[in-house]
Structures are given as structure tokens and as C-alpha cells.
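Participant: I have a structure here, written as C-alpha cells, and I will follow up with some questions on it.
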Amino acid sequence: MPRHGSRAAVPSPAFGGTRDPGRLVAFSDAVFAIAVTLLVLDIRPPEDFRRLLHGLGLLWPSYLAYSVTFLMIGQIWVNHHVMFDHIRMVDRLLMFLNTLLLMDVAFLPFAASVLSDAFHSGDGQRGAVVFYGATIELAAILFNIIWAYARRGLLGSTIDDAGARFVARRFRVAIVWIGAGMLVGAFLPLLGVVVIAAFIPAYWLPIRGERTGAG
């Protein structure tokens with residue numbers, strides 16, 4: 001009989017066989033590192049060095065897009081580790097879903113560039129915020145899909161059912177939160193960015209119950 005609060009044994013989906021997640025996590029970490037590094041390449045020095053401070057000040061959209069996106073990717077990386085701290089094996093479908101997530105993360109520097117350029121020019125700001133938010137929203141959706149799939153039998157003994165539900169609940173909130181930021185941004189672009197940015201500190205908080213099953 002399983003002890004109270006523990007997760008009952010569920011056969012692994014084993015789509016194409018299972019593997020240790022170590023290489024998947026290492027590859028994912030590399031993609032996260034490259035993505036945050038690419039962000040700074042979009043910040044160009046001012047052309048007029050006679051009014052350097054003024055020119056640097058005019059770059060505020062680039063600073064905004066850089067800082068929000070860097071912290072967002074960092075937060076995604078942290079929660080990616082939250083998942084894979086508890087995923088004991090991966091199969092081909094989970095690796096494919098993770099690849100889609102990494103593809104979206106690698107796209108974020110481009111979305112940040114669009115956001116920055118829109119605020120620099122003063123045109124297309126609403127569409128840029130929606131586009132930027134949609135890129136992050138896709139990552140949130142993929143997080144939920146990956147975790148839901150992993151819960152079918154790929155999790156280890158480091159987390160119990162209650163902890164897995166708390167993690168799932170936190171991931172579901174992300175979809176609503178980012179969606180709200182996109183909606184606000186469609187009418188009030190800068191406020192939409194603020195709503196999306198507010199998501200970052202909230203998601204750095206520990207997830208209740210994520211370690212309840214640890215031995």
C-alpha cells in the first residue's frame with residue numbers, strides 16, 4: 001500500500017523509450033544562456049557623442065526591453081529547473097515539447113527588439129506589446145503542457161501529488177497573467193509592459209509544496 005500523500009505508481013508514457021534528463025537539461029541551459037546574451041546586441045550606442053548623456057537617456061526603450069526580457073528568461077530558467085528537478089526520465093515526446101519551449105525562448109530576443117523599436121519610433125506600440133506578450137504566453141502554455149505530460153508517469157519521488165498540483169496551479173496562473181498583460185497592452189502599451197513585468201517577481205517566489213515528497 002502506498003503511504004498517505006504519495007503519488008500512486010503510474011506507468012511511464014515511454015514514447016520511443018525513456019532517457020535520463022541530464023543532457024536535455026544541459027542543452028536547455030545552453031539555450032537560455034545564449035538567449036540572454038543575444039539581448040544586449042540590440043542596444044546600440046548613441047551616434048552623437050557630443051550629447052552623450054541625452055543620447056543614452058533616449059535609449060530607455062532598449063533598457064526596458066533588455067531588463068524585462070533578461071529577467072523573464074531568467075525566471076523561465078528557474079521554473080524549468082523546478083520541473084526537471086522532479087522529472088526522473090524523458091521520452092521523445094517530452095524532448096520535442098521541450099524543444100518547442102526552447103525555440104520560443106530563443107525567439108524572445110527578437111520579440112524584445114520589436115518592442116524596443118516600437119517604443120523608440122512611437123509607432124506600432126500596441127501591436128508590439130501584444131506580439132511580445134504572445135511570445136511569453138506561448139512559453140507559459142508549453143510549460144503547462146510539459147508538466148501535465150510529465151505528471152503522467154515521468155516524475156520521481158522528490159515530489160508528491162500535492163506538490164505536483166501546486167506546481168501545476170502556479171503554471172496555470174502564468175497563462176492568465178500574461179494574457180491580461182497582452183489585453184491591457186492592446187489599449188495602453190506601457191501599462192501592458194508593466195503588467196507583464198510584474199509577473200517576474202511573483203514567479204521568483206518558491207512554489208508551495210514543491211518539495212513535500214522529498215526524502
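The values are calculated or read from the model by the stated rules, or taken from the named source; none is laboratory data. What you see is a predicted model, and the numbers here were worked out from it, not measured in a lab. Ideal geometry is used to build each Cβ from the backbone, glycine not excepted, and the neighbour counts take in all protein chains shown.
Participant: Within the stretch 54-72, track down each residue that is over 15 Å from Phe171 (Cα atoms) and buried (at least 16 other Cβ atoms within 10 Å of the Cβ). Reasoning before the result, please.
Facilitator: Keep residues of the stretch 54-72 that are over 15 Å from Phe171 (Cα atoms), which gives 54-71.
Across the stretch 54-72, the qualifying residues are Leu59, Pro61, Ser62, Leu64, Ala65, Tyr66, Val68, Thr69, Phe70, Leu71.
Yes/no per residue for (1) without any contact (Cβ under 8 Å) to a residue 24 or more places away in the chain; (2) closer than 24 Å to Leu108 by Cβ:
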{"position": "Gly17", "(1), (2)": "no, no"}
{"position": "Asp29", "(1), (2)": "no, yes"}
{"position": "Phe32", "(1), (2)": "no, yes"}
{"position": "Thr37", "(1), (2)": "yes, yes"}
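Participant: Let me ask something else. Taking into account only those residues within the stretch 25-61 that are of a type in the set (Phe, Trp, Tyr) and more than 15 Å from the chain's Cα centre (by Cα), which is nearest to Ala118 (Cα to Cα)? It would help to see each step written out before you state the result.
Facilitator: Initially, the stretch 25-61 is screened for residues of a type in the set (Phe, Trp, Tyr), giving 27, 32, 49, 60.
Okay, now just the ones that are also more than 15 Å from the chain's Cα centre (by Cα), so 27, 49, 60.
On the way: Phe27: 32, Phe49: 24, Trp60: 12 Å.
By that ranking, first place goes to Trp60.
Yes or no, residue by residue, for (1) of a type in the set (Ser, Thr, Tyr); (2) without any contact (Cβ under 8 Å) to a residue 24 or more places away in the chain; (3) on the phi > 0 side of the Ramachandran plot:
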{"site": "Asp104", "(1), (2), (3)": "no, no, no"}
{"site": "Pro109", "(1), (2), (3)": "no, no, no"}
{"site": "Leu115", "(1), (2), (3)": "no, no, no"}
{"site": "Gly124", "(1), (2), (3)": "no, yes, yes"}
{"site": "Ala128", "(1), (2), (3)": "no, no, no"}
{"site": "Ala140", "(1), (2), (3)": "no, no, no"}
{"site": "Asp160", "(1), (2), (3)": "no, no, no"}
{"site": "Gly163", "(1), (2), (3)": "no, no, no"}
{"site": "Arg169", "(1), (2), (3)": "no, yes, no"}
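Yes or no, residue by residue, for (1) at pLDDT 95 or above; (2) out of contact with any Asp or Glu (no Cβ under 6 Å at 6 or more places or on another chain):
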residue: Ala139; (1), (2): yes, no
residue: Ala148; (1), (2): yes, yes
residue: Gly156; (1), (2): no, yes
residue: Asp161; (1), (2): no, yes
residue: Phe166; (1), (2): no, yes
residue: Ala180; (1), (2): yes, yes
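Participant: Could you list, in sequence order, all residues of the stretch 160-192 that are aliphatic (A, V, I, L, M), part of a helix (DSSP H, G or I) and farther than 20 Å from Trp77 by Cα?
Facilitator: As a first pass, look at the stretch 160-192 and keep what is aliphatic (A, V, I, L, M): 162, 164, 167-168, 173-176, 178, 180, 182-184, 186, 188, 190-191.
Among the residues that remain, those that are also part of a helix (DSSP H, G or I) are: 162, 164, 167-168, 173-176, 178, 180, 182-184, 190-191.
Scanning the stretch 160-192 gives Ala162, Ala180, Met182, Leu183, Val184, Leu190, Leu191.
Participant: Further question on the same structure: In the stretch 72-123, which residue that is in contact with a strand residue (DSSP E or B) (Cβ under 9 Å, 6 or more places away or on another chain) and either of a type in the set (Phe, Trp, Tyr) or within 20 Å of Ala134 (Cα to Cα) (or both) is modelled with the highest pLDDT?
Facilitator: Looking at residues that are in contact with a strand residue (DSSP E or B) (Cβ under 9 Å, 6 or more places away or on another chain) and either of a type in the set (Phe, Trp, Tyr) or within 20 Å of Ala134 (Cα to Cα) (or both), I get Asn98.
Participant: How many residues are buried (at least 19 other Cβ atoms within 10 Å of the Cβ) and charged (D, E, K, R) if we restrict to the stretch 32-53?
Facilitator: Result for the stretch 32-53: 0.
Participant: Can you name the residue in the stretch 102-154 that is among the hydroxyl-bearing types (Ser, Thr, Tyr) and under 19 Å from the mean Cα position of the chain (by Cα) and, of all such residues, is farthest from Ala186 (Cα to Cα)?
Facilitator: Of the stretch 102-154, the ones among the hydroxyl-bearing types (Ser, Thr, Tyr) are 113, 116, 121, 132, 135, 149.
When the remaining residues are screened for being under 19 Å from the mean Cα position of the chain (by Cα), the result is 113, 132, 135, 149.
Details: Ser113: 18, Tyr132: 11, Thr135: 15, Tyr149: 32 Å.
Among those that are among the hydroxyl-bearing types (Ser, Thr, Tyr) and under 19 Å from the mean Cα position of the chain (by Cα), it is Tyr149.
Participant: Just wondering, is there one or more residues in the stretch 87-97 that are in a helix (DSSP H, G or I), under 21 Å from the mean Cα position of the chain (by Cα), free of Cβ contacts under 8 Å to residues at least 40 places away in the same chain and surrounded by fewer than 18 Cβ atoms within 10 Å (Cβ to Cβ)?
Facilitator: Filtering the stretch 87-97 for residues in a helix (DSSP H, G or I) gives 92-97.
With under 21 Å from the mean Cα position of the chain (by Cα) added as a condition, the list becomes 93-97.
Now narrow it down to the ones that are free of Cβ contacts under 8 Å to residues at least 40 places away in the same chain: 96.
So of that shortlist, the ones also surrounded by fewer than 18 Cβ atoms within 10 Å (Cβ to Cβ) come out as 96.
Yes - at least one qualifying residue is present in the stretch 87-97.
Participant: Could you check the stretch 94-104 and list, in sequence order, the residues that are closer than 22 Å to Asp20 by Cβ and among the aliphatic types (A, V, I, L, M)?
Facilitator: Of the residues in the stretch 94-104, the ones closer than 22 Å to Asp20 by Cβ are 94-102.
Hits for the stretch 94-104 are Leu94, Met95, Leu97, Leu100, Leu101, Leu102.
Participant: Of all residues in the stretch 100-134, which are hydroxyl-bearing (Ser, Thr, Tyr) and surrounded by 15 or more Cβ atoms within 10 Å (Cβ to Cβ)? Steps first, please.
Facilitator: Within the stretch 100-134, the subset hydroxyl-bearing (Ser, Thr, Tyr) is 113, 116, 121, 132.
Listed by number, the residues that qualify are Ser113, Ser116, Tyr132.
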